[in-house]
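Here, each number is a calculation from the coordinates, and none is a lab measurement. In this text the structure is predicted, and so the values were computed from the model without any measurement. Cβ atoms come from the backbone with ideal geometry, glycine included; neighbour counts cover every protein chain shown.
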Amino acid sequence: MNRLARLARAEWGLLYITVREPLVKRRWRAIPMTLGVVALTAVMQIVQNQSWGYRFVQNVGAVRAEDPLWLALVRTPLSLFVPALDLPVWGALAQILFVFGIAEICLGRWRTLVIAYAATLAGTLYARVGIQLGFDNPLGLPASDARVVDTGPSAAVVGLAVFLGWRYGAYVTAGAVTAAMAVEVTLKGNLAGKEHLAAIAAVVLLCGISALRHRHRPRARFGSGSGFPPRRS
């Protein structure tokens, strides 16, 4: 048990320390953006399951590769809040609450939204490239996937999880998330799995950009020089 505790502390200790104090002091007030995202996703799920609301949600937040690019780009921000119809919504809401909540505290709300949007947009754009490559290409997709709705909030959740894992030293967790997405693609080879990998690729690029920015900052701006990533930088 002591060994497991040490491993857990090494993997998640910095994240725990960063998240614990704001949650203890402010509780739900520490994650207002996350609560808004959860509420909006729940509302979208309720509305799209109504006979009068399904078409509305599709028109404002459903993105398909067959759509004109300009329309897909307009719908992509709202597509973050449209959960898949064929998956349990409570699981999606729990993932959003957990991952977005940690990210909002650790990264700040605007950086969280930027990373979430970048991950979702990467999946959206990959779908178009994949269909152009064709099913015979390892990176390609069948033409029928052009009519499949994009992943919704899951690509954002995956991207944020990987970024947090990298930024806060939870490398095993980030690797496990990436490996799980790779296994999904291997077993299913579906659009959602490949969009998740595209989201991870985009986040890895953001990690590289962030590392370069921090490398060129003056040492004094890192505070104590502990080597830990700064909060909300």
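Please state the relative contact order of the stretch 2-212 as a whole percent: Cα pairs under 8 Å, 6+ residues apart?
Relative contact order comes out at 23 percent.
Which whole number of Å³ per residue matches the convex hull of the alpha-carbon atoms in the chain?
Looking at the chain, the number lands at 149 Å³ per residue.
Which residue, R147, R167, R26, has the most motion in a Gaussian network model of the chain that connects Cα atoms within less than 10 Å?
The residue that fluctuates most here is R26.
Calculated from DSSP H runs of 4 or more alone, at -39500 (n - 2.57) each and per residue, what is the 222 nm mean residue ellipticity of the chain, nearest 500?
Calculated at 222 nm, the ellipticity per residue is -23500 deg cm²/dmol.
Given H placed 1.01 Å from N in the peptide plane, which residues other than close sequence neighbours of V148 have an amide H under 5 Å from its amide H?
A65
Efficiency by 1/(1 + (r/R0)^6): what FRET value for L85 and N2, r their Cβ-Cβ distance, R0 = 35 Å, to the nearest 0.05?
Once rounded, the FRET efficiency stands at 0.15.
Using +1 at the C-beta of Lys and Arg and -1 at the C-beta of Asp and Glu, which of S210, I115, T186 has the Cα lying farthest in the positive direction of the dipole of the chain?
About the Cα centre, the residue reaching furthest to the positive side is S210.
As an exercise, use a Förster radius of 22 Å and the Cβ-Cβ distance of M33 and F56 to find the FRET efficiency, rounded to the nearest 0.05.
0.35
Suppose R0 equals 25 Å. What FRET efficiency, 1/(1 + (r/R0)^6) with r the Cβ-Cβ distance, do L73 and R213 give to the nearest 0.05?
It comes to 0.40.
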